[in-house]
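Working notes for the structure below.
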Amino acid sequence: MTHNYGLLAPEFILFGFAMLVVAVDTFRSQFKVGSAVLAATAGVGALAALGASVAMAGVHEEFGEILVVDEFTTFFRILFAATVVVVIAMSHEFVGKHIRHPGEFYSLLLLSTIGATFMAAARELLTAYIAIEVLSFSLYVAVSLAKTDPRSGEAGLKYVLLGGVASAMLLYGLSLLYGSGGSTSYEVLREAFAEQAGEASALTLVGLAMVIGGLAFKASAVPFHMWTPDAYEGAPLPITAYLSATSKAATFALLLRLLSGPLEPLIEDWRWMLATLSVATMVVGNLVALQQHNIKRLLAYSSIGQVGFMLMALVALSDQSTSALLLHLSGYLITNLAVFTAVIAFYNRTGREEIEDFRGLAETQPYLAVVITAGLFSLSGMPLLAGFATKFLLFQAAASGGYLWLSGLAVVMSTISLYYYLQVVKQMYFFEPSGDASRWRLTPSGYVLTAVLLVVMVIVGLYFGPLYEVADTAAGALFA
């Protein structure tokens, strides 16, 4: 058993800067600093954690038999650190206008990233559960931080109540798996469940069902998705972006660890559960999105539909499908962050978030209209953009794994999604502005951030080979 604390350097950096942000915020009036200093401090911490994560690429070592730092962990470390850097960069103007306590906002982002990383790195059940709760409790508070918006408090209350029920279900399921397998260690559980393969006990099956249900809540899979549109609508916009990115990616990281490790011998017992969730999630998410009038609720149901697509990779679990899922997660995060950065810039200017409020944006801010259009087309899977390449490989992996019917349904649902994305595009390009028709400009940081995300989105769409190789290496750590 090793206790090399250097393995946890990125998490120590995030924690240290989170505490520094809280300290600076506490004495902000004495130091005479604004929210921009807090944003810069948090951004430096996130960048430092990103650099430390990149520097640890290639490391494969366990920490005290509870965490493992390997290519899979490093992949998600980099993904989560890069995501929080983007969210901090996109939110500084929004926070200055709409968040009363910016120190809490930035520290919660950094702390939740620690929980997300440990979900990917956990090697035993209790560590995984504690990591989930670190992420969840940070987000419970963050969702309710827009104290001038009554929807924020309501969203936070719904999120914490439903999240508490899901956490209780998850913890009870984990305790049943512990009782059935005799350990919380992934390796020991795998050996115990291998002996039950084909004839799992009732205790194991009930625990398995409850664990999948608890994690399905965290991923917003149907029918555990009802908190998602309310939380997305009520949360501050940057937190909505973070929920759609890191929260979902962390849940899939944990699912991949569990399903390819301790629960792999029980694959025939859980595969049909995930196939059912996948079908229900992609159908409900995409069909209900057709009825939405608020951009945040539309993106909420869009993300639910995307979860349905991602679950296909778990149904056809293999190194190939895992590589495709990691690639798709990367492309999805890049695209979603680009869309949310543009929506936040629009909200900072107008204070509006209904789809009809985007009328004539191509006249008043044509560059922003292009970014939103490209992002929505990428989410729908249009060629030349990241979403097309990553969805193609994801659907192909599911079909190659023997689930052609599931891939066929996903193609139909992806086509339907294009309709509700086009509703936003229609408002921007086919209608005159309803109010002030004068042109306006983004902040310099807004131009830089949207441009970088747009370029990366196009590059991944046209040349995804290097990113796929990284994803394949990370997947290989699970199936070595």
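Observations on the structure shown:
- Using alpha-carbon coordinates, inclination of helix 444-462 to the longest axis of the chain, degrees: 50 degrees
- Among Ser138, Ser417, Ser91, the order by Cβ neighbours within 10 angstrom, fewest to most, reads Ser138, Ser417, Ser91.
- As a calculated quantity, the FRET efficiency between Gln291 and Trp405 at R0 = 30 Å, using C-beta atoms, amounts to about 0.65.
- Relative contact order for the chain: 15 percent, from Cα pairs under 8 Å spaced at least 6 residues apart, divided by residue count.
- Spacing of the modelled spin labels on Ser201 and Ala57, each 7 Å from Cα toward Cβ, amounts to 4.5 nm.
- If R0 equals 56 Å, the separation of the Cβ atoms of Thr26 and Glu268 corresponds to a calculated FRET efficiency of about 0.55.
- Per-residue ellipticity at 222 nm, computed for the chain from helices alone with -39500 (n - 2.57) per DSSP H run of at least four residues, works out to -26000 deg cm²/dmol.
- For the set Lys158/Lys391; Lys391/Lys426; Lys218/Lys426; Lys97/Lys296; Lys147/Lys426; Lys32/Lys296, the pairs lying more than 30 angstrom apart at their alpha carbons are Lys158/Lys391; Lys218/Lys426; Lys147/Lys426; Lys32/Lys296.
- Computed from Cα positions, the angle between helix 319-350 and the longest principal axis of the chain comes to roughly 20 degrees.
- Largest first and in whole Å, the equivalent-ellipsoid semi-axes of the chain read 34, 27, 20, each the square root of five times a Cα gyration tensor eigenvalue.
- Between Phe392 and Lys97, the C-beta separation translates, for a Förster distance of 51 Å, into a calculated FRET efficiency of about 0.80.
- Counting only Cβ charges, +1 for Lys and Arg and -1 for Asp and Glu, the dipole size of the chain around its Cα centre is about 1420 debye.
- Prolate/oblate/rounded label for region 1-106 (Cα gyration tensor, a/c 1.5): prolate
- Value in Å of the Kirkwood radius, where region 223-336 supplies the Cα pairs that are averaged: 14.6 Å
- Between 0 and 90°, nearest 10: helix 102-121 axis offset from the chain longest Cα axis: 30 degrees
- For region 402-480 versus region 312-343, the spacing of their alpha-carbon centroids is 11 Å.
- Within region 270-391, the proportion of C-alpha pairs whose separation exceeds 20 Å stands at 48%.
Quick note: the coordinates plus some simple rules give every number you see, no bench work behind them. Note that this is a predicted model, so its numbers are computed, not measured. Cβ atoms come from the backbone with ideal geometry, glycine included; neighbour counts cover every protein chain shown.
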